Structures are given as structure tokens and as C-alpha cells.
């Protein structure tokens, strides 16, 4: 049947980018083929179709859905199937036998349904039956509009690329039963999908990746892939391309998995935060990192109207706290005070936690690196330090947390000046360096380092503003690379 011959249905646009509501449709009665063809044409054009007030049975939903193609029997997701109808996938936050529903946290990330399988479904048809009092909305985005919004150079670059989709990457796997995860892993091995896919009926090009399931481009390492995938994931959910569905009872939405993605919001989102928030600082109280983030807690507390608790989780060059933060539920109740060391511990193999495991919230501080020294040194400026370092290579001691920005700064000085220092690690000494209950005194030096260096230590601190600004101490100082510290 030609498009011109299709019956004209009463419709309303849902957003500027995509989406349409069809009025005066009753799915409790069998629709004729021409009406189904009109609905399919609108589905292909707009990506999502909304039908309100559809009081139908599970069997009627199956019969309507089958008019658009063969139905998936969810062989890879058997634990989530309807007990009587394998064609239906049940999503619920209602506890079962006093235990949380196994689908309670399904879909809490941007995704296209079953993109991690070899035969992803062309679309999904969702029937809303029991609604929460607060929240529970679903946000959709047009991956076709997102592709159109890219520059021609970016389109050309990503056109030939394939990306790996891995279901085991989904964050809420950590909250699921281990036996269930093992079963899902067995039936859902990683697969490769084209990063740019033409729609199978309209030919319109779309982006095809998921926020969590897609972590690598074929032929690239994860680190090489991270920047491009992060950009595309953020670009795809620009508000210009999105529509938010506020569900009503018996709503039906048909979404096209070939041209849209969606995100299911938790029912409690609108009430956030309704309990204290923990901020993990991966260093002991009184250290530089703690001093930067601790004053931020009461400011955040004032804005959110909820208690913010500082949790100092020191150890292993900050990686112990990083791992605890990474393993925490992604529910907005755990914040992580992080700075540049997260890159160094990852790239040097000390930890498997990296910057991309977290979602940046805000930039707290950018601080200078300052090189200071004991007043007992025979030199009082940079030229004197340089001459002494060249005369005694490897003998001037520098106190630093190895593998951190306090280590990188003197290392950069070594490379630029052609000199060599001797390093003494400050690991675990932050709590002894100064008492957090009283103001920091910039003239306090690490006496152990002084003794080991024969009275000639140099220190690297990122908070010694008085020496750097006023120059009232007998020391050599220089402003260095700035390290971002993020929550």
C-alpha cells in the first residue's frame, strides 16, 4: 500500500526532535491492516509512538505486537520473562516474597534494548500498568537526530567503526544475585555492532551504542576508545534530542530500537536525597585532599538539605577509597573526592579504577604545585638549587607521595633541568604531618625527610600558598602543573 493511500490518523507531536502520540485508537479491538500500516509508518518516521488509555490483556498486547513482526521469546533473559507468556518481558519494582524484584534496577542507564545480542529487536512495546506515586519516568533520545547533529568530519571518522557491546558491563550487575549474573553471562557473550547503522526501513543513519554496555571500539584499546565513546554518549543525550515520558496508567509506548535509546528513572528520583550522602575521601583526615574537600561538605549539605558525611578511606596510595567508591551503588548517595592520582595509579597498573568509572559532578579546586625547602639549605633561590642538584646528582631528597601529582611535579623539574632527585615516600604520613583541628602552618617541615637528607630536604606541597604568594620564607618555589580535583 502506498503511503498516500494510508488512512490519516489523528496525531500530536511529542517533541521537536521526534515522537508522536496517536489519538482515538482502541487496541482492545483488532485494527485493520491499513491502520497498522499507518502506525508503522509513523513509528518509522518519529521513533516513538504513544497510545494512551489502552486497557488490554497480556494476550491482546501480544496479538497487537505481532502485527509488526516476529516476537522475541527472551531466550537470553529467561529470568525476566512473564510466567505465562514468553513474549512478554516484565519490569517491576514491586518486591516479591519480601525480596526486591530482580528487575528493580533494570534500564537505569542509556541503552537500546538487547544491543548486546546478535539479533537486537527492531522495537519494543511497553504497557504501563502499576505506577509509583513519585518518579518512574522514562527518558528517550533520538539517535538519528543525534547523528544528524554531528559534524561532517566526525561522521566520516566514525562511519567504518564497530563497537563491542557487553551486557556484563552494566553497573547494576553488582547488585544482582551471583547465580543470575552467571546465567546472564553465559547466554550473553560480547558482540560487535556497527557504530553507525542505517535504519533498515527508512535508510536514515543513526548512532548505535550504549552508555554502559559499549566500552571499546574494535581495533582500539579501551583507553583509546574511551574519549570517543564518552563524547558520543554525552552528545546523544543532549536535551535537544530527548523526550521525557511521564507515564499514565494504561499508556502504551512503542519505541524503535533502531533509532532511539532510553533511560528508566528510578521511582525515588524525585525524592532525592532522602537520606545522608557519603563523600569518600581516599586519604586520611588532615591531608591535603581532605583539607580541600572537607569545607565543601557543609556547602553541599546546605544546597541539598541533607547530611553529607565525610568518610576518610585511606590506604594504597588512595586506591582503597577509589575501589570502595567504584563498588558503591550508582544511586547518587556516594560521592568520591578524586584528583589526578586516579590516572597515575591506573596507568601504572597499581589499581584497576580509572576516571571513566565515575560521573563528574563538579570541579572543586585547581591548585598550584609549589616546591619548598628547609631554611637550613645553603641556597635561597632556584639557581642555587639547580647548581647544587647538578653537583650532587641523586642526593637532594624530595618528599612526595609516589605516583601522585606531588611526585610528577619534581619529576617534570628533573626532566626540564637535567637533574636528579632522591625520593622519600610520604605514604601514610598525612595524619602525622599536622593536626587537622588547628590551622595549617606552612612553615612546618617533615623532620624525618630532613634527617634522611642530611639537612637538605625539598618538599612538594599543593597548598603552601603563603610561600608561593608572599615569598616570606627562605625557600625555592616555583608554580607548577595544576591538578584537577573532582567529586
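The values are calculated or read from the model by the stated rules, or taken from the named source; none is laboratory data. Because the structure is a prediction, the values reported are computed rather than measured. Cβ coordinates were reconstructed from backbone atoms using ideal geometry, including for glycine residues, and neighbour counts include every protein chain displayed.
Going by what's in this entry, would residue 165 be described as under 25 Å from residue 243 (Cβ atoms), in contact with a strand residue (DSSP E or B) (Cβ under 7 Å, 6 or more places away or on another chain) and either free of Cβ contacts under 8 Å to residues at least 60 places away in the same chain or surrounded by fewer than 16 Cβ atoms within 10 Å (Cβ to Cβ) (or both)? So residue 165 passes the test. Going residue by residue through region 44-54, is there one that turns out to be assigned to a helix (DSSP H, G or I) and over 30 Å from the mean Cα position of the chain (by Cα)? The answer is yes; a qualifying residue exists. For the condition closer than 28 Å to residue 193 by Cβ, in contact with a strand residue (DSSP E or B) (Cβ under 6 Å, 6 or more places away or on another chain) and crowded, with 19+ Cβ neighbours inside 10 Å, residue 47 qualifies.
From the list 235, 343, the lone residue that is part of a helix (DSSP H, G or I), free of Cβ contacts under 8 Å to residues at least 24 places away in the same chain and within 20 Å of the chain's Cα centre (by Cα) is 343.
Count of region 218-232 residues, restricted to those that are part of a helix (DSSP H, G or I) and over 15 Å from residue 355 (Cα atoms), is 1.
Residue 373 - would you say it is crowded, with 19+ Cβ neighbours inside 10 Å, touching a strand residue (DSSP E or B) at 6+ places or on another chain (Cβ under 7 Å) and at pLDDT 80 or above?
Yes; evaluated as a whole, the condition is true for this residue.
The one condition from (1) touching a helix residue (DSSP H, G or I) at 6+ places or on another chain (Cβ under 8 Å); (2) modelled with pLDDT of 95 or more; (3) over 26 Å from residue 356 (Cα atoms) that residue 152 does not meet is (1). Of 254, 279, 261, all but one fail to be assigned to a strand (DSSP E or B), in contact (Cβ under 8 Å) with a residue 24 or more places away in the chain and closer than 18 Å to residue 340 by Cα; the exception is 279. Consider region 346-370 and keep the residues that are at pLDDT below 75, in a strand (DSSP E or B) and in contact with a helix residue (DSSP H, G or I) (Cβ under 9 Å, 6 or more places away or on another chain). The one that is nearest to residue 296 (Cα to Cα) is 364.
Can you work out which of the residues in region 56-77 that are in contact (Cβ under 8 Å) with a residue 40 or more places away in the chain and surrounded by 12 or more Cβ atoms within 10 Å (Cβ to Cβ) is nearest to residue 188 (Cα to Cα)? My answer is 76.
Looking at residue 332, is it part of a loop (DSSP other than H, G, I, E, B) and touching a helix residue (DSSP H, G or I) at 6+ places or on another chain (Cβ under 9 Å)?
When the stated conditions are applied, residue 332 passes them.
The number of residues in region 273-289 that are buried (at least 21 other Cβ atoms within 10 Å of the Cβ) and farther than 17 Å from residue 328 by Cβ comes to 4.
For region 239-249, enumerate the residues that are farther than 21 Å from residue 105 by Cβ, surrounded by fewer than 16 Cβ atoms within 10 Å (Cβ to Cβ) and touching a residue at least 40 places away in the same chain (Cβ under 8 Å). Result: 240, 248, 249.
Filtering region 317-330 to residues that are buried (at least 16 other Cβ atoms within 10 Å of the Cβ) and at pLDDT below 85 leaves 317, 318, 319, 330. Looking only at region 412-439, residues that are exposed (fewer than 13 other Cβ atoms within 10 Å of the Cβ), part of a loop (DSSP other than H, G, I, E, B) and modelled with pLDDT of 85 or more come to 1 in all. Just one of the listed residues (40, 29) is in contact (Cβ under 8 Å) with a residue 12 or more places away in the chain and out of contact with any strand residue (DSSP E or B) (no Cβ under 8 Å at 6 or more places or on another chain), namely 40. Condition check for residue 385 on (1) assigned to a helix (DSSP H, G or I); (2) touching a strand residue (DSSP E or B) at 6+ places or on another chain (Cβ under 9 Å); (3) within 29 Å of residue 292 (Cα to Cα): one failure, at (3). Considering region 243-275 alone, what residues qualify as being touching a helix residue (DSSP H, G or I) at 6+ places or on another chain (Cβ under 9 Å) and modelled with pLDDT of 90 or more? Of everything in region 243-275, those that are touching a helix residue (DSSP H, G or I) at 6+ places or on another chain (Cβ under 9 Å) and modelled with pLDDT of 90 or more turn out to be 252, 254, 255, 256, 258, 259, 260, 261. Out of 261, 236, one residue alone is closer than 20 Å to residue 136 by Cα, surrounded by 21 or more Cβ atoms within 10 Å (Cβ to Cβ) and in contact with a strand residue (DSSP E or B) (Cβ under 8 Å, 6 or more places away or on another chain). It is 261.
Scanning region 291-307 turns up no residue that is crowded, with 21+ Cβ neighbours inside 10 Å and either under 20 Å from the mean Cα position of the chain (by Cα) or under 30 Å from residue 141 (Cα atoms) (or both).
Per-residue answers, yes or no, for (1) touching a helix residue (DSSP H, G or I) at 6+ places or on another chain (Cβ under 9 Å); (2) part of a loop (DSSP other than H, G, I, E, B):
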site: 64; (1), (2): yes, no
site: 68; (1), (2): yes, yes
site: 71; (1), (2): yes, yes
site: 78; (1), (2): yes, no
site: 83; (1), (2): no, yes
site: 87; (1), (2): yes, yes
site: 91; (1), (2): yes, yes
site: 103; (1), (2): yes, yes
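Within region 187-196, none of the residues are surrounded by 15 or more Cβ atoms within 10 Å (Cβ to Cβ), out of contact with any strand residue (DSSP E or B) (no Cβ under 8 Å at 6 or more places or on another chain) and at pLDDT 95 or above.
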